[in-house]
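Report on the following structure.
The values are calculated or read from the model by the stated rules, or taken from the named source; none is laboratory data. These numbers were taken from a predicted model, which means no experiment stands behind them. Cβ placement follows ideal geometry from the backbone for every residue including glycine, while neighbour counts extend to all protein chains displayed. Please note that ligands, DNA and RNA were not included when accessible areas were found on the heavy atoms of the full protein model with its side chains. Shrake-Rupley method; radii C 1.70, N 1.55, O 1.52, S 1.80 Å.
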Amino acid sequence: MILEEISKAIGELEEERLFQLIDEYLSVEPSAQKAQDIISYCQKGTKVVGEKYHTGEYFVGDLIYSGELLTEVIDLLKPLIRSGPNVHIGKILLGTVRGDLHDIGKNIFKSMCEAAGFNVLDIGIDQPVSTFVQKVREFKPDIVGMSGVLTIAIEAMKETVDELKKVGLRDDIKIIVGGNPLSQEATDYIGADAFTVNANEGVQICKDWMELPTEDE
Ligand code: B12
């Protein structure tokens, strides 16, 4: 019930109500799981913001505001998300692909990966193919994570994978792509190994690749 209200507060851009509800939800036994629940419902709320923008009810300023709200929520939840083990289980190179400036989802995935014990190199937003390739050479990650929420991100992801193949680096790494427009069909087109629209699921996939037990085991 509170979670549905949290989702609604994001959709309606009601800052005060949103943080009241989050306080209320976390007042009893705050945990990493509760933080993840809040993130999932906030993500649901941003879909409403996106729809309202699409139909002309909201403007770019509202998109920006929803982004700020989400960033504040993530900052608030970070101490809970980060309560994971202090071990090194693998290296992830992470970035938002060329042409796409959205980074809230990427940042959530990053925090969760770090909490799980991954060493994450975050190269930021709007990253060209050449930077991904250069950083794979330098950082030698086990996994490359590409984020994108614009439809055009799919093409940029494909070009990045194609270039990694061309220079002979593709077979050394696993590639996961994340963001709202992704699907199995898009993932096959891109040439990635997996996709997700849920950061928590993404972490589990990465852990599986490193042959580590999942949360449920
Ligand atoms: C906030 C927002 C913005 C903010 C972004 C702020 C920021 N710092 O990121 C600002 C205002 C900058 C913005 C700008 C624009 N936006 Co915008 N934006 C949104 C909005 C409302 C929410 C996005 C978001 O943060 N969602 C919440 C996060 C948590 O979800 P997520 O990204 O999917 O991430 C989750 C998973 O996918 C996963 N994940 C994400 N990345 C990764 C990576 C890996 C490796 C893994 C494993 C997992 C993973 O983990 C996350 C948590 O579970 C969406 C609406 C929507 N439906 O999403 C529109 C939306 C994405 N924007 C849109 C548009 C059109 C724009 C603009 C073109 C608007 C304009 N005219 O200027 C510009 C584009 C700028 C650019 N070149 O990128 C469209 C995209 C349409 C399309 N199909 O291409 C949307 C869908 C709105 C709409 N319905 O029209 N936007």
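List of remarks:
- Model label points for residue 171 and residue 24, set 7 angstrom from Cα along the Cα-to-Cβ axis, are 5.8 nm apart.
- The Cα trace of segment 1-120 gives Rg and Dmax of 15.2, 47 Å, the first to one decimal, the second as a whole number.
- Per residue, the accessible area of the chain comes to 51 Å² when a 1.4 Å probe rolls over the protein heavy atoms.
- Here segment 102-207 yields Rg over Rh of 0.91, to two decimals, using C-alpha coordinates and the Kirkwood radius.
- Residues listed by number, segment 20-56, amide nitrogen under 16 Å from residue 1 label point at 7 Å toward C-beta: 21-22, 24-28
- Within-14-Å neighbourhood charge of residue 53 [Cβ basis; K, R +1; D, E -1]: -2
- Sulfur and carbon atoms: percent of accessible area, the chain [1.4 Å]: 51
- Residue-normalised convex hull volume from the C-alpha trace of the chain: 121 Å³ per residue.
- Net +/- balance of residues flanking residue 124 in space, Cβ distance below 10 Å, scoring K and R +1, D and E -1: -2
- Spin-label model, residue 76/residue 40: points 7 Å from Cα along the beta carbon direction are separated by 1.9 nm.
- Local electrostatic count at residue 152 - Lys and Arg +1, Asp and Glu -1, tallied over other residues with Cβ under 15 Å: -2
- Listed pairs 47/91; 140/165; 52/106; 47/135; 78/158 exceeding 21 Å between Cα atoms: 47/91; 52/106; 47/135; 78/158
- In order along segment 123-133, the Karplus-derived 3J(HN,Hα) couplings, from 6.51 cos²θ - 1.76 cosθ + 1.60 at θ = phi - 60°, round to 9, x, 9, 6, 8, x, 3, 4, 5, 4, 4 Hz, and Gly and Pro are given as x.
- Against the main long axis of the alpha-carbon atoms of the chain, helix 199-209 sits at an angle near 30°.
- Between residue 188 and residue 151, the contour length at 0.36 nm per residue exceeds the alpha carbon distance by 11.8 nm.
- Pairs of Cα atoms nearer than 8 Å and 6+ residues apart set the relative contact order; for the chain it is 16 percent.
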